[in-house]
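Working notes, beginning with the structure itself.
The values are calculated or read from the model by the stated rules, or taken from the named source; none is laboratory data. All values reported here derive from a predicted model rather than from experimental measurement. Methodologically, a virtual Cβ is constructed for each residue, glycine included, from the backbone with ideal geometry; neighbour enumeration extends over all protein chains shown.
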């Protein structure tokens, strides 16, 4: 009855280099990768209209809104509740179906086949967790159950926050603003000349192509949908591929891509240790997760290469701003 949608993504090619220093205070980042800030959920601020990610509905409020509506809602709502029993884990889709209740309550909303947002700070859902989930709602008449759910034409729900043992682990990201820390800027222009001098096979992954410019390395795999071809002017990043960006010293603040207006990034581009900020069809930023020296961009959705609107992205240049 219910199927999970999976989407797609991409291969690439690269070029040129220029280093410059910012005239900021001499501050360096010394924390380890994959760090996260931990806060007490009782101290979380509530803001925004009701039913949003920052101010979710209680389970009782959600039940009243869902009512006996047996079709999928056009709107997305966010709910907060306690996982009342052991969730069912669907290994094929890496999703968790759980029943959420209010503190001391028994009436539930089921989160059917929900996946965990990359920024939730946990990689599973357990009984007793307090979670914030978002998705389209419906009333499953057969079981008399209000749900957040999906099907072949409606996105399945997502767990956006998981609070366990009294704490919530939240990912934090860099911003474009100057924060007083000294930075290094490394620019790669995608030209044929730079391709000749900066690229070559990766020693660890001989089937991958590695580009090196100062402290920055960029590596990509040949993808799953297209056989590899190395294009420059602009560089082409195809569906089903991965782009790895790393600095050998310091930490990444952000990466800027100048793109072809007909082949841009999308706002929901899946990224490991970063998040996408699309400024326009010709400019995109990837903001790094705090205290990391590595970003991986997936030109796919969960590794899938079907139902893709834009089969490739095209870059004219890439600029990496990193802390010294």
Subject >> Unique match (being in contact with a strand residue (DSSP E or B) (Cβ under 7 Å, 6 or more places away or on another chain) and modelled with pLDDT under 90) among 231, 254, 220 >> reply: 220
**OP:** Kindly indicate whether residue 107 is in the same structural domain as residue 67 (by TED's automatic domain parsing), modelled with pLDDT of 95 or more and crowded, with 23+ Cβ neighbours inside 10 Å.
**Re:** no
Original post:
Looking at (1) modelled with pLDDT of 95 or more; (2) on the phi > 0 side of the Ramachandran plot, which is the only condition residue 121 fails?
Top reply: (1)
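For region 106-155, which positions are in a loop (DSSP other than H, G, I, E, B) and out of contact with any strand residue (DSSP E or B) (no Cβ under 8 Å at 6 or more places or on another chain)?
Step one: filter region 106-155 for residues in a loop (DSSP other than H, G, I, E, B), giving 106-108, 117-129, 136, 141-144, 149-150, 152-153, 155.
Within region 106-155, 106, 141, 142, 143, 144, 152, 153 meet the criteria.
Rundown of residues vs (1) surrounded by 17 or more Cβ atoms within 10 Å (Cβ to Cβ); (2) assigned to a strand (DSSP E or B), yes/no style:
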residue: 184; (1), (2): yes, yes
residue: 187; (1), (2): yes, yes
residue: 193; (1), (2): no, no
residue: 197; (1), (2): no, no
residue: 200; (1), (2): no, yes
residue: 204; (1), (2): no, no
residue: 207; (1), (2): no, no
residue: 211; (1), (2): yes, yes
residue: 219; (1), (2): yes, yes
Original post:
Are any residues in region 73-111 within 25 Å of the chain's Cα centre (by Cα) and more than 20 Å from residue 122 (Cβ to Cβ), and if so, which ones?
Top reply: 73, 74, 75, 76, 77, 92
**OP:** Answer yes or no as to whether residue 281 is closer than 16 Å to residue 313 by Cβ and at pLDDT below 85.
**Re:** no
Original post:
When region 76-94 is examined, which residues are found to be modelled with pLDDT of 95 or more and assigned to a strand (DSSP E or B)?
Top reply: 77, 78, 79, 80, 81, 82, 83, 88, 89
**OP:** Taking residue 161 as meeting all but one of (1) under 17 Å from residue 289 (Cβ atoms); (2) assigned by TED's automatic domain parsing to the domain that holds residue 62; (3) outside any strand (DSSP E or B), write down the number of the exception.
**Re:** (3)
Original post:
Taking region 270-297, which residues are touching a residue at least 60 places away in the same chain (Cβ under 8 Å) and part of a loop (DSSP other than H, G, I, E, B)?
Top reply: 270, 273, 290, 291, 292, 293
